[in-house]
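Asker: Here it is, the structure, as structure tokens.
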Amino acid sequence: MPETNTPAGIFEELAAMYSDREISDVQIRSGGLIYVHTNRGLEIAESSGIQPPEAVSQMAEALFTSQTAEVWDGLGTANTAEKMWELVKERRVIDMSCEAGVLGSPVRMRVQIHLSEHGLGITCRWLRAKITQLESLGIDPLIADSLRELIQRRFGLGLITGPTGSGKSTTLAALLDWVRRNFQKHIVTIEDPIEYRYGSTMEDPNQPGQQIYCPSLVTQQEVGRHTQSYQSGLKEVLRKAPHVILIGEIRDRQTMETCIEAAQTGHFVLSTLHTRGAVKTFDRILEFFPKEQHVSILHRLGETMTFVLSQGLLTGFTRRVLVTEYLQNTSEPVSAGIRAYDGSATSLADALRSKGNLRWDQSLMELYREGLIPENVFNANLMG
């Protein structure tokens, strides 16, 4: 039985405590109670008690040193407690991924070790052990079919957008997992950090229970461990002969520019942005560039942008539910709307009403009519 002041002990205790609902994030703070994000919202794990600073430090060290050993650990770069404190002193924050045992099974986690007014803190995102199919995530079956169809194109740019914790990574993983099991593609991911892992084998669709090799090859790279930055990783990735490229997040102009260039040169690029709404995504992209480049960027996006799926997770009566907005660039009116977009044009908003697309408020209304969300959540999330 793991000690309760170790990550395994704490996580086992929380998993048992919240066995009737799904945990997504765990917040641990020096001198504070543990807070847990579940499908019922943010809850306080009062029975776990106040976490002493020394216990939080020990948990952070244990998580940091549990990261997968690298091939160059023998060169003196092993994940040690001393190295963690050096990074905390230098960067003030550490983003990483690791695994921890919970109730006898490994749980993959995205972890941030950080400083605040209260001292050291840890935020753990619990990732699903098994990659879920698109429909099981709550995505409309017609949109799921559209995503699968569009990602088969030889080149293009597809964006999944939404705030932190809206399930963007989970949706991307479901889409990539479908590709790797059904097509002969080389998929390269550049992530910070690596979240979901894609194995080289899969269950034989003709012989359940039997494993066969996947037709696709997946190469996963983590920023800071396998490549210096998103920008350097993107430049290096083109020499790996990829068909599909996943960039974990677009954070700056250079990464956005390189993503568009990669799409224009015959690759299918997937990435994420922190925007709410498919149309508003174009505002965010334009913010990366000076105004004199907006016309050029919009013309390039009109050629390369394949889809924008914007999503959010809302707290319903019994569980979190997914609300989405979807815009597919499969017709001339949509392409023309992208090229002519100036932040106030209605052409893209009108395009959302055409067949195959979905407006945010329409998706929200469907959740409300089905009795999945209360009226106050419905009103608070209307786009207008």
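Asker: Which of the strands (runs of 3 or more DSSP E) contained wholly in segment 150-242 include at least 1 residues that are over 30 Å from Thr315 (Cα atoms), free of Cβ contacts under 8 Å to residues at least 40 places away in the same chain and hydroxyl-bearing (Ser, Thr, Tyr)?
Answerer: 201-203, 211-213, 217-222
Asker: Another question, then. Gly343 - would you say it is part of a loop (DSSP other than H, G, I, E, B), of a type outside the set (Lys, Arg) and over 14 Å from Lys280 (Cα atoms)?
Answerer: In short, no.
Asker: I need the full set of residues from segment 105-149 which are in contact with an Asp or Glu (Cβ under 7 Å, 6 or more places away or on another chain) and assigned to a helix (DSSP H, G or I), in order please.
Answerer: Once the filter is applied, which keeps residues that are in contact with an Asp or Glu (Cβ under 7 Å, 6 or more places away or on another chain) and assigned to a helix (DSSP H, G or I), segment 105-149 yields Pro141, Ala144.
Asker: Across segment 197-235, what is the number of residues that are over 11 Å from Arg180 (Cβ atoms), surrounded by 17 or more Cβ atoms within 10 Å (Cβ to Cβ) and not charged (D, E, K, R)?
Answerer: The number of residues fulfilling the criteria is 7.
Asker: Continuing with the same structure: For residues in segment 1-21 being under 23 Å from the mean Cα position of the chain (by Cα) and assigned to a helix (DSSP H, G or I), which is surrounded by the fewest Cβ atoms within 10 Å (Cβ to Cβ)? Before you say what the answer is, go through the steps one by one.
Answerer: First, the residues of segment 1-21 that are under 23 Å from the mean Cα position of the chain (by Cα): 11, 15, 21.
Within this subset, residues satisfying the condition of being assigned to a helix (DSSP H, G or I) are 11, 15.
Numbers: Phe11: 22, Ala15: 15.
If we take residues in segment 1-21 being under 23 Å from the mean Cα position of the chain (by Cα) and assigned to a helix (DSSP H, G or I), then Ala15 is surrounded by the fewest Cβ atoms within 10 Å (Cβ to Cβ).
Asker: Looking only at segment 116-134, count how many residues are over 22 Å from Val244 (Cα atoms) and at pLDDT below 95. Step through it out loud before you land on a result.
Answerer: Looking only at segment 116-134, we keep the residues that are over 22 Å from Val244 (Cα atoms), and these are 116-129.
From what is left, the residues that are at pLDDT below 95 are 116-119, 124-129.
So the answer is 10.
Asker: Which count do you get for residues in segment 22-55 that are surrounded by 15 or more Cβ atoms within 10 Å (Cβ to Cβ) and of a type in the set (D, E, K, R)?
Answerer: 4
Asker: For residues that are within 15 Å of Arg353 (Cα to Cα) and surrounded by fewer than 20 Cβ atoms within 10 Å (Cβ to Cβ), scanning just segment 290-334, find the one that is nearest to the chain's Cα centre (by Cα).
Answerer: The selected residue is Thr330.
Asker: Give me the pairs: first residue in segment 254-274 and assigned by TED's automatic domain parsing to the domain that holds Leu157, second residue assigned to a loop (DSSP other than H, G, I, E, B) and β-branched (Val, Ile, Thr), beta-carbon distance under 8 Å, and six or more apart or on different chains, which are they?
Answerer: Met256/Ile250; Cys259/Ile250; Phe268/Ile151; Leu270/Ile151; Ser271/Ile250; Thr272/Ile250; Leu273/Ile250; His274/Thr164
Asker: Within segment 245-266, which residues are part of a loop (DSSP other than H, G, I, E, B) and crowded, with 21+ Cβ neighbours inside 10 Å?
Answerer: Gly248, Ile250
Asker: What pairs can you find where one residue is in segment 283-310 and assigned to a helix (DSSP H, G or I), the other is surrounded by fewer than 19 Cβ atoms within 10 Å (Cβ to Cβ) and among the hydroxyl-bearing types (Ser, Thr, Tyr), and their Cβ atoms are less than 7 Å apart, with a gap of 6+ or different chains?
Answerer: Going by the 7 Å Cβ cut-off, the qualifying pairs are Gly302/Ser335.
The values are calculated or read from the model by the stated rules, or taken from the named source; none is laboratory data. Everything numeric in this text was worked out from a predicted model, so none of it was measured. For neighbour counting, all protein chains shown are included, and Cβ atoms are generated from backbone atoms with ideal geometry for every residue, glycine included.
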